[in-house]
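Please treat every number below as a calculation from the coordinates, not as lab data. Keep in mind that what you see is a predicted model, and the values were worked out from it rather than measured. Neighbour counts are summed over all protein chains in view; Cβ atoms, including those assigned to glycine, are modelled from backbone coordinates with ideal geometry.
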Amino acid sequence: MSIVAKELTFVYNPNTPFAKKAVDSVSLTINDGEFVAIVGHTGSGKTTFLQHLNALIRVQSGQLYVNDIDVSAKKVDLKRLRGLVGMVFQYPEYQLFADTVEQDVAFGPKNLGVDKDEVEARVKNALTLVGMDYESCKNKSPFDLSGGEKRRVALAGVLAMRPKVLVLDEPTAGLDPEGKREILSLVKKLNVEQGITVIMVSHDMNEVYENVNRIIVFKDGKVLYDLPPQQLFEKEDEIEQMNLEVPFMAQFTNQLKRRGITLKGDVRTVDQVFEAVQALKEGDVC
């Protein structure tokens, strides 16, 4: 199993009048190859939880395992852990710094001590995975690229570390609709074809609903829900009370259910819903 948390708890400013429990006795398992969204309002604890995964925040109480690494141990092999867990922060293009695309993507594996030939192979592979041509872009300045291309290069820099887990914080923030579709399609492809475990934070419930296989909802430092998307968004009243929006397609399918019509299969995108409704019209009883 990929990630296991047991009674994980974290308090900011402990033993002071300003103490705040950000993560409160969280226990959960994320298995290899899952595509999971972690959602919740600001201050819910989701970001603090995620920062534990590669020891940006050290475990105070409870246990945390990433693959076979005990992250809650006093001594943790941080280089190995951060090679396993790739973090892509919000607006990752702001992390670009090198003179060329190749140098930027190569920075991580070089720091891991990977030899020169292997670094070059990883850079080529990572850029290919994100849909960029190595020969045509390797000598370009990353700052001359478009916003979507910058984000791809930043993602390639993480992929060059060969992570088993990819953590994405608002991966589509600031992108136009086409850029959002491209990034989400890329991430889903990495999950399906490369078997990378993906954990995504997003405030856009429509993109969460359409892409992930499981949603973990944080509130006040605790896990309130841990459900597949369709099951979670059937709870419309509860979701809205948490100031989270109910996705458009979930609203539509929920309305159909209230009228006694249940669409067949895992239908969450516009195209999937359209095809399921067409099947109904053609007499394919659900």
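With a simple spin-label model that places each label point 7 Å from the Cα along the Cα-to-Cβ direction, the separation between residue 236 and residue 280 comes to 1.4 nm.
Each part gets one Cα centre, and for region 10-38 versus region 144-167 those centres are 26 Å apart. Expressed as a whole percent, how much of the Cα-Cα distance distribution for the chain exceeds 36 Å? Within the chain, distances greater than 36 Å cover 22 percent of Cα pairs. Working note: Karplus 6.51/-1.76/1.60 with θ = phi - 60° gives region 88-98 the couplings 10, 7, 4, 6, x, 4, 6, 8, 5, 8, 7 Hz, where Gly and Pro are set to x.
Rounded to the nearest Hz, the phi-derived 3J(HN,Hα) couplings of region 249-254 under the Karplus curve 6.51 cos²θ - 1.76 cosθ + 1.60 (θ = phi - 60°) are 5, 5, 4, 5, 5, 5, where x marks glycine and proline. Among beta bridges identified by DSSP and lying wholly in the chain, the antiparallel ones come to about 55 percent. For the pair region 204-241 / region 89-127, the C-alpha centres are spaced 34 Å from each other.
Relative to the current alpha-carbon distance between residue 264 and residue 27, full extension at 0.36 nm per residue lengthens the span by 82.0 nm.
Calculated mean residue ellipticity, 222 nm, the chain: -11500 deg cm²/dmol, from DSSP H runs (n ≥ 4) at -39500 (n - 2.57) each, averaged per residue and rounded to 500.
Taking a straight line from the alpha carbon of residue 257, these aspartates and glutamates sit under 18 Å away, with near neighbours fewer than eight places off in the same chain left out: 234, 236, 237, 238, 266, 275, 284. Partner lysines whose Cα lies under 25 Å from the Cα of residue 222, excluding those fewer than 8 positions away in the same chain, are identified as 6, 20, 21, 46, 74, 235.
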